[in-house]
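Trainee: One structure, as structure tokens, below. Some questions next.
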């Protein structure tokens, strides 16, 4: 709880994805939120309704927008503990809760204005419902409430659709095996769940336009399972993704890439499978409830519906951790007497890796931390100052501009120009003659654009001041800065038409050229902007 609250209280600036969703939540009415969203955003209707209620009651601050995610993140701790107690026993319960409590994706998702945190809580609630419904002696009224809760969760979490689908299949297997006591009630529950899930899936599908769908598939292409496999590498795709779950999917976006950052991640993958096998022997229902939701996500990945990768996979990582805890307990129990001396070694690896991971990634994590630089701009701005906002910074800037009372008349928003870098120079040329021009930058769209833009400004003007907030991972996308330039004496012989373009900005990859600017609309009012590639 302290780790989650630490990150929440740190009040990191909104990065581009948060700013995009926040603008939808703030500027659209509740009925409009239940339709298609702007800026290539997708979110479940009940989540958006709760977010809308939060800002209506508490204002539009980052704390208010992140209130539901932090409540979900802390609540998930207690739900996970309840699930662990139903599946595991002895020290394995403590070990499992420790893995979840220290898990990097869960800590940072709890302070994101995205649905990742509530997705995790919803997945665990569904798992808890399934385990309790399969427990002998459960009261009828409690069963009814749990069935209704599970039916409702697919409206607050779209990924709950996969978890619920897996649980439905698991119950059908148990029914087929004769391991179900109240079959009539089960059939009623499964029917209700299927209807609710189908309706939620239809709503999600209808609100995703074709361009958004193509963009998501292009952006997350590495997370779609190659099926049928055509190359040798395709065969090892699943093991590779599972190893990355316990390791790292990438270095960008601070600690939001999705992996647990464990050392010896292949060891954890092997222990997870050992745990599933041990549960299959002792708690077949638990093994089915843990396995089939993951298989449902893999099936969606193979069908090109949902990627099995990075932060989008955070909602099923708790399932993996429960299997790891089961495997660790069984592994220690199965060691022969002559190999008992290896127990401390096994526990050091399995317990030390999570502690090492969080020790090297303690909160707070701030990516695209633009707010302090904008506060400095607002404090030192003078009447008549020009403000130029780089296209990648537009969404975050517009959120903070109104809060800092920055005048809209002085602001010019740059357009994204991947593949046409001279367009950036033309935009900057409009500032020539200005004695004071502020340049706002974050979320570099293409590596090298920042240096290209600032290099040109340094040729045509003189930098007076800068507030530069580097990335915690030294990733250029995560850096934020505000620069003050004097362009009143701009050299007329230096023009954008002849300024050299670095090789890094020439001939961008086709995917980046097509989709690199998608969802960024510059500074146009939300109600007048349509997402275009």
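The values are calculated or read from the model by the stated rules, or taken from the named source; none is laboratory data. Keep in mind that this is a model prediction, so the values were computed, not measured. Ideal geometry is used to build each Cβ from the backbone, glycine not excepted, and the neighbour counts take in all protein chains shown.
Trainee: Name the residue, out of 395, 374, 404, 370, that is in contact with a helix residue (DSSP H, G or I) (Cβ under 6 Å, 6 or more places away or on another chain) and under 30 Å from residue 1 (Cα atoms).
Mentor: Being in contact with a helix residue (DSSP H, G or I) (Cβ under 6 Å, 6 or more places away or on another chain) and under 30 Å from residue 1 (Cα atoms) holds for just one of 395, 374, 404, 370, which is 370.
Trainee: Next question, about the same structure. For residue 185, state whether it is in a helix (DSSP H, G or I) and touching a helix residue (DSSP H, G or I) at 6+ places or on another chain (Cβ under 6 Å).
Mentor: no
Trainee: Ok, one more. Between 300, 287, 310, 296, which is surrounded by fewer than 24 Cβ atoms within 10 Å (Cβ to Cβ), in the same structural domain as residue 119 (by TED's automatic domain parsing) and either under 30 Å from residue 480 (Cα atoms) or touching a strand residue (DSSP E or B) at 6+ places or on another chain (Cβ under 6 Å) (or both)?
Mentor: Result: 310 is the single residue among 300, 287, 310, 296 that is surrounded by fewer than 24 Cβ atoms within 10 Å (Cβ to Cβ), in the same structural domain as residue 119 (by TED's automatic domain parsing) and either under 30 Å from residue 480 (Cα atoms) or touching a strand residue (DSSP E or B) at 6+ places or on another chain (Cβ under 6 Å) (or both).
Trainee: While we're here: Only one residue in 132, 119 is over 28 Å from the mean Cα position of the chain (by Cα) and surrounded by 15 or more Cβ atoms within 10 Å (Cβ to Cβ), so which one is that? Talk me through it step by step, then tell me what you get.
Mentor: Numbers: 119 fails: over 28 Å from the mean Cα position of the chain (by Cα).
Criteria check complete, one pass: 132.
Trainee: Output the strands (runs of 3 or more DSSP E) that fall wholly within the stretch 385-499 and possess 3 or more residues being surrounded by fewer than 17 Cβ atoms within 10 Å (Cβ to Cβ) and in contact (Cβ under 8 Å) with a residue 24 or more places away in the chain, or say none.
Mentor: 462-469
Trainee: Would you be able to say whether some residue in the stretch 312-335 is in contact with a helix residue (DSSP H, G or I) (Cβ under 6 Å, 6 or more places away or on another chain) and within 30 Å of residue 27 (Cβ to Cβ)?
Mentor: yes
Trainee: Related question: If I ask for residues that are outside any helix (DSSP H, G or I) and within 19 Å of residue 126 (Cα to Cα), which ones from the stretch 307-329 would you list?
Mentor: None - no residue of the stretch 307-329 is outside any helix (DSSP H, G or I) and within 19 Å of residue 126 (Cα to Cα), so the list stays empty.
Trainee: Quick one: in the stretch 196-213, which of the residues that are in a helix (DSSP H, G or I) and touching a residue at least 12 places away in the same chain (Cβ under 8 Å) is surrounded by the most Cβ atoms within 10 Å (Cβ to Cβ)?
Mentor: Checking each candidate, the answer is 200.
Trainee: Is it true that some residue in the stretch 27-42 is in contact (Cβ under 8 Å) with a residue 40 or more places away in the chain, over 30 Å from residue 151 (Cβ atoms) and either outside the structural domain of residue 207 (by TED's automatic domain parsing) or assigned to a helix (DSSP H, G or I) (or both)?
Mentor: Taking every residue of the stretch 27-42 in turn, at least one turns out to be in contact (Cβ under 8 Å) with a residue 40 or more places away in the chain, over 30 Å from residue 151 (Cβ atoms) and either outside the structural domain of residue 207 (by TED's automatic domain parsing) or assigned to a helix (DSSP H, G or I) (or both).
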